[in-house]
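Notes follow once the structure below has been shown.
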Amino acid sequence: MDMFDWVDFEDGRARFSGGIRGWDELGHETFCVELNGDPRYGEAVTVFEQEGDNFGLEIISFGYHSTGYVGMPASTRAPFSAVDIEKIKSMVTRLADIVSQCDHPPFVLSRGITSRYTGKVVFQDGWINAMT
């Protein structure tokens with residue numbers, strides 16, 4: 001499996017889509033989740049534990065129509081139902097677990113000589129727009 005291959009799940013599919021320069025001209029590590037045939041993009045960052053070299057993944061944002069929009073204000077992201085949010089969270093968490101096992105994982109999951117991915121995925125407050 002390649003680090004950017006689609007991974008199929010019961011509710012859709014997901015993949016990491018690499019580092020890009022976003023709308024804000026900053027670098028972002030991106031991923032994509034396709035739910036109901038609609039691909040949406042988000043940003044993930046590596047978060048190291050306070051003590052030690054091991055790290056988890058933090059989801060910063062999600063819901064953009066393309067990687068080029070990553071970094072735009074939250075109001076530009078699509079809203080999702082509570083049911084879809086749970087599906088997306090599950091797919092992202094499982095995607096990270098699967099892809100972290102690749103020989104050459106994406107940069108955001110790259111392990112070092114002494115560092116390893118812990119399997120912990122945290123979703124930052126405001127990472128997704130919920131339907132009201």
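When restricted to residues that are open to solvent by less than 70 Å² (accessible area, probe 1.4 Å) and assigned to a helix (DSSP H, G or I), the stretch 99-132 contains 3. May I ask you to say which residue of 63, 52, 71 is surrounded by fewer than 17 Cβ atoms within 10 Å (Cβ to Cβ) and on the phi > 0 side of the Ramachandran plot? Sole residue among the options that is surrounded by fewer than 17 Cβ atoms within 10 Å (Cβ to Cβ) and on the phi > 0 side of the Ramachandran plot: 52. Only residues that are at pLDDT below 90, open to solvent by 30 Å² or more (accessible area, probe 1.4 Å) and part of a strand (DSSP E or B) were counted across the stretch 12-41, and they come to 4. Taken over the stretch 74-89, the criterion of being surrounded by fewer than 16 Cβ atoms within 10 Å (Cβ to Cβ) and either of a type outside the set (A, V, I, L, M) or touching a residue at least 40 places away in the same chain (Cβ under 8 Å) (or both) is satisfied by 74, 75, 76, 78, 79, 81, 82, 86.
Here residue 81 qualifies as modelled with pLDDT of 95 or more, more than 21 Å from residue 3 (Cα to Cα) and hydroxyl-bearing (Ser, Thr, Tyr).
The values are calculated or read from the model by the stated rules, or taken from the named source; none is laboratory data. All figures in this text were calculated on a predicted structure; none of them were measured in a lab. Cβ: placed from backbone, ideal geometry, glycine included. Neighbour counts: every protein chain shown. Remember, those area values only see protein heavy atoms, side chains included, never the ligands or the DNA or RNA. Shrake-Rupley method; radii C 1.70, N 1.55, O 1.52, S 1.80 Å.
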